[in-house]
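The structure appears below as structure tokens.
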Amino acid sequence: MPAMTAEPALDGYGQGRLNKDGIRIHAPDDFAGMHAAGRLAADILDRIADVVAPGVATIEIDATIHEMIRAAGAKSATVGYKGYRHASCISINHVVCHGIPSDKRLKDGDILNIDVTVIVDGWFGDSSRMYVAGTPSRKAERLIDITHDALMAGIDAVRPGNTFGDIGAAIQRHAEAHRCSVVRDFCGHGLGRVFHAAPNVLHYGRPGAGPVLEPGMFFTIEPMINLGRPETKVLDDDWTAVTRDRSLSAQFEHAVGVTDAGCEIFTLSPAGRFHPTWTRG
Ligand code: MF3
Ligand code: CO
Ligand code: CO
């Protein structure tokens with residue numbers, strides 16, 4: 001997800017219909033490409049669940065993901081993106097997002113987000129979920145459940161005539177009702193044939209605020225929710241974002257497209273394993 005300081009991307013399609021808010025309105029035929037890309041990202045996130053365990057290094061998980069992308073004849077969107085070198089972001093415990101895979105090994109009780117973006121026939125599939133190594137604490141499991149439900153509350157607000165503020169408000173309301181906080185420093189984003197396009201999709205806000213949703217808009221919703229305070233900082237590696245108070249953070253991400261009836265989720269789990277990715281104890 002882009003940092004909130006990033007400029008809204010010029011999305012590089014060339015010709016095409018942008019609405020008055022500068023948001024691309026895709027054609028009905030474009031949904032199929034997004035479903036194919038989203039399905040691959042989701043299938044990889046399904047299959048990687050069996051690899052996550054105490055003792056496994058996150059660079060090994062990333063290598064497996066890269067191999068799965070290659071085997072599918074697709075491309076990683078993150079390798080080479082702004083100097084990033086990996087096929088996934090793996091964000092453990094108090095890491096909010098953009099954790100860099102490394103030789104660090106998972107420990108029993110670690111919670112982690114794995115975020116994968118693939119390119120299939122030019123279309124981007126972007127999704128992330130939470131995993132656990134071994135047995136999570138009750139408070140960690142609770143945070144993960146709240147974060148998942150906050151994303152789904154946001155998706156429930158996706159329909160023509162609603163606004164982006166309605167999505168953010170639904171997420172914020174759910175998280176704060178459970179005494180958790182919403183990260184402000186990163187957001188969801190338009191996507192399609194580009195990785196990050198307008199608009200910035202905020203995970204907090206006021207009902208009725210922001211641009212109106214229209215059929216043909218494609219974007220991610222990817223709330224990061226903390227057990228403690230919302231503030232983050234980026235480490236010296238220029239990628240890893242952590243909670244300033246070192247409280248646990250969780251995130252889920254779906255890519256969706258607005259339809260006349262509401263929305264379609266491009267990144268649904270083929271195995272029905274979006275949440276939980278583990279077997280509850
Ligand atoms: N997949 C992330 C998102 O949801 C972006 C990762 S960019 C990277 O927008 F370079 F850090 F991989
Ligand atoms: Co994203
Ligand atoms: Co992502």
Task: Whole-number percent relative contact order across the chain, with pairs defined as alpha carbons under 8 Å at least 6 apart - done: 24
Open item on the list: If you build the convex hull over the alpha carbons only and average its shadow over all orientations, what do you get for segment 35-156? Give it in nm² to one decimal.
Closed with: 7.7
Task: Charged-residue dipole, Cβ positions (Lys, Arg, Asp, Glu), the chain about Cα centre, Debye nearest 20 - done: 500
- [ ] Starting from segment 103-178, pick out the trypsin sites (Lys or Arg not before Pro) whose DSSP state is loop and whose Cβ has at most 12 other Cβ atoms within 10 Å.
- [x] K107
TODO: Could you work out which residue, out of A32, A133, A255, moves most in a Gaussian network model of the chain, that is, has the largest mean-square fluctuation with Cα springs under 10 Å?
DONE: A32
Open item on the list: Which residue fluctuates most in the GNM of the chain (Cα springs below 10 Å): L235, L191, L248?
Closed with: L235
Open item on the list: Over the Cα atoms of the chain, each weighted equally, I'd like the Debye log10 I(q)/I(0) at q = 0.06, 0.07, 0.08, 0.09 Å⁻¹, rounded to two decimals.
Closed with: -0.16, -0.22, -0.29, -0.37
- [ ] Search the structure for amide H atoms under 5 Å from the amide H of R24, placed 1.01 Å from N in the peptide plane, and list their residues when 5 or more places away or on another chain.
- [x] N19
Task: Cα-projected label distance for A27 with R142, points at 7 Å along beta-carbon direction, nm - done: 5.1
Open item on the list: Could you work out the relative contact order of segment 129-181? I mean the mean sequence separation of Cα pairs under 8 Å and 6+ apart, divided by the number of residues, in percent.
Closed with: 35
Task: Theoretical ellipticity at 222 nm over the chain - DSSP helices of four or more residues, -39500 (n - 2.57) apiece, nearest 500 - done: -8000 deg cm²/dmol
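How much area per residue is accessible in segment 17-271 when the probe is 1.4 Å and only protein heavy atoms are counted (Å²)?
About 39 Å² of surface per residue is accessible.
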Open item on the list: For a quick check of your reading of the filter: which trypsin sites (Lys or Arg not before Pro) in segment 193-281 sit in a DSSP loop and have no more than 13 other Cβ atoms within 10 Å?
Closed with: R246, R280
TODO: Would you mind checking segment 252-281 for residues with the amide N under 15 Å from a putative spin-label position 7 Å along Cα→C-beta of D156?
DONE: 263
- [ ] With springs connecting C-alpha atoms under 10 Å apart, model the chain as a Gaussian network and identify which of I25, I167, I114 has the largest mean-square fluctuation.
- [x] I25
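The values are calculated or read from the model by the stated rules, or taken from the named source; none is laboratory data. A quick note: this is a predicted structure, and the numbers were derived from the prediction, not measured. Note that we place each Cβ from the backbone using ideal geometry, even for glycine, and neighbour counts take in every protein chain shown. Remember, those area values only see protein heavy atoms, side chains included, never the ligands or the DNA or RNA. Shrake-Rupley method; radii C 1.70, N 1.55, O 1.52, S 1.80 Å.
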